[in-house]
1. Looking at (1) under 25 Å from Gln54 (Cα atoms); (2) assigned by TED's automatic domain parsing to the domain that holds Ala18; (3) of a type outside the set (Val, Ile, Thr), which is the only condition Arg153 fails?
2. Name the residues in the range 1-25 that are over 20 Å from Val98 (Cα atoms) and either of a type in the set (A, V, I, L, M) or not in a loop (DSSP other than H, G, I, E, B) (or both), would you?
3. Any chance the range 115-132 includes a residue that's outside the structural domain of Glu45 (by TED's automatic domain parsing) and under 27 Å from Ala31 (Cβ atoms)?
4. Modelled with pLDDT of 95 or more and in contact with a strand residue (DSSP E or B) (Cβ under 9 Å, 6 or more places away or on another chain): does that describe Val75?
5. Suppose we filter Arg42, Arg23 for residues that are out of contact with any Asp or Glu (no Cβ under 9 Å at 6 or more places or on another chain) and either more than 23 Å from Gly165 (Cβ to Cβ) or polar (S, T, N, Q) (or both); which single one remains?
6. Does any residue in the range 120-149 that is more than 20 Å from Val167 (Cα to Cα) come within less than 9 Å, Cβ to Cβ, of a residue that is of a type in the set (Lys, Arg) and surrounded by 12 or more Cβ atoms within 10 Å (Cβ to Cβ) six or more places away or on a different chain, and which pairs are these?
7. So, in the range 26-44, how many residues would count as being outside any helix (DSSP H, G or I) and either within 18 Å of Thr94 (Cα to Cα) or within 19 Å of the chain's Cα centre (by Cα) (or both)?
8. Pick from the range 93-119 the residues that are of a type in the set (D, E, K, R) and in contact (Cβ under 8 Å) with a residue 24 or more places away in the chain: which of them is nearest to Glu32 (Cα to Cα)?
Amino acid sequence: MLAAIESAQGVLHASEIAACSTRLVGIALGAEDFCADLGVRRSTEGSELQLARQTIVLAAKAAGIDAFDTVFSNVADEGGLVAETTKIKALGFTGKSVIHPRQIEPVHRVFAPTEEEIRQAQRLITALQEAERRGSGVVAVDGKMIDRPVVLRAQRTLQLAEAMGIVENKEGRS
């Protein structure tokens, strides 16, 4: 189940909505209705959505579910779609709603880990495993200490790459 948050009340209660059911897998921002509720127009840069977007990401992450951004209405503007998707990925969204089949591939491309991100994640995990074999839980890669949050991000990168079929999973299937 996915809950759409489309009003000021919905944004203000995003945490309760996100935690309301174990069957809920994510919450999504519905920007057109949200902006109508606020009495504002949607802009290209999306400044009117900034607080709502951040609130939805925080609520979803706190509840352990996915956060989905609103649709990008201009189906002919792939560059704008990619730019907006890149921006919301950096905010912590795990997905983006789409309204046209041609939007699926560009959104997948933005959310897919790059080859460099995959290589770096593999390097970090390998370095930590080698350190643990030596009896050390502390490791540095490229002069930076690798701690639990860094390892968790690396693991999530590899899990996403496996789920998207970019790399083979542990059972050897792609």
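The values are calculated or read from the model by the stated rules, or taken from the named source; none is laboratory data. Everything numeric here is computed off the predicted structure, so don't read it as measured data. Because the Cβ atoms are built from the backbone with ideal geometry, glycine has one as well, and the counts that use them run over all protein chains shown.
1. Result: Arg153 passes all but (2).
2. First, the residues of the range 1-25 that are over 20 Å from Val98 (Cα atoms): 8-23.
If the condition is that a residue be over 20 Å from Val98 (Cα atoms) and either of a type in the set (A, V, I, L, M) or not in a loop (DSSP other than H, G, I, E, B) (or both), then Ala8, Gln9, Gly10, Val11, Leu12, Ala14, Ser15, Glu16, Ile17, Ala18, Ala19 are the ones that fit.
3. No - not one qualifying residue is present in the range 115-132.
4. Numbers: modelled with pLDDT of 95 or more: yes; in contact with a strand residue (DSSP E or B) (Cβ under 9 Å, 6 or more places away or on another chain): no.
For Val75, the condition - modelled with pLDDT of 95 or more and in contact with a strand residue (DSSP E or B) (Cβ under 9 Å, 6 or more places away or on another chain) - is not met.
5. Values: Arg42 fails: out of contact with any Asp or Glu (no Cβ under 9 Å at 6 or more places or on another chain).
Of the residues listed, the single one that is out of contact with any Asp or Glu (no Cβ under 9 Å at 6 or more places or on another chain) and either more than 23 Å from Gly165 (Cβ to Cβ) or polar (S, T, N, Q) (or both) is Arg23.
6. Between residues of the range 120-149 that are more than 20 Å from Val167 (Cα to Cα) and residues that are of a type in the set (Lys, Arg) and surrounded by 12 or more Cβ atoms within 10 Å (Cβ to Cβ), the close pairs are Val141/Arg123; Asp142/Arg123.
7. Pass one, the range 26-44, residues outside any helix (DSSP H, G or I): 26-30, 39-44.
Among the residues that remain, those that are also either within 18 Å of Thr94 (Cα to Cα) or within 19 Å of the chain's Cα centre (by Cα) (or both) are: 26-30.
Of the residues in the range 26-44, 5 are outside any helix (DSSP H, G or I) and either within 18 Å of Thr94 (Cα to Cα) or within 19 Å of the chain's Cα centre (by Cα) (or both).
8. Restricting attention to the range 93-119, the residues satisfying the condition of being of a type in the set (D, E, K, R) are 96, 102, 105, 109, 115-117, 119.
Now narrow it down to the ones that are in contact (Cβ under 8 Å) with a residue 24 or more places away in the chain: 96, 102, 109, 117.
On the way: Lys96: 15, Arg102: 21, Arg109: 25, Glu117: 34 Å.
Restricting to residues being of a type in the set (D, E, K, R) and in contact (Cβ under 8 Å) with a residue 24 or more places away in the chain, the top hit is Lys96.
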